[in-house]
Amino acid sequence: MSDDMTISIDSEKYVLRRDGEGLQVGRRNGDDVAWLDTVDLSLLPEPARQALDRGDTSDGALLTALRGVVQAEVERGG
């Protein structure tokens, strides 16, 4: 994955961007992106990392992993 990817999670649009060994997760707000968190890629399950490599934003493993990231951000009050 070389460019930003947009993914829909529970009717919300999020943006994914590789950042070295991390994955930045942001929420689109018009033309801007509010970056929520950067997750170490090694923390994601292998199927989710493979989906990222393929650019498959509909993959169930990726969606489940990102729901967890988003939920953690909500619980932290982000």
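Just a few scattered comments:
- Given (1) 18.9, 62; (2) 11.4, 32; (3) 28.1, 87, the label whose value is Rg and Dmax of the Cα atoms in Å derived from this model: (2)
- Solvent-free Debye calculation, one equal scatterer per alpha-carbon of the range 1-42: log10 I(q)/I(0) at 0.19, 0.24, 0.26, 0.27 Å⁻¹ equals -0.52, -0.80, -0.91, -0.96.
- Mean separation of Cα contacts under 8 Å (6+ apart) over length of the chain, as relative contact order %: 23 percent
Read the figures in this text as sums done on the coordinates, not as results from a lab. None of these values were measured; they are calculated from a predicted model.
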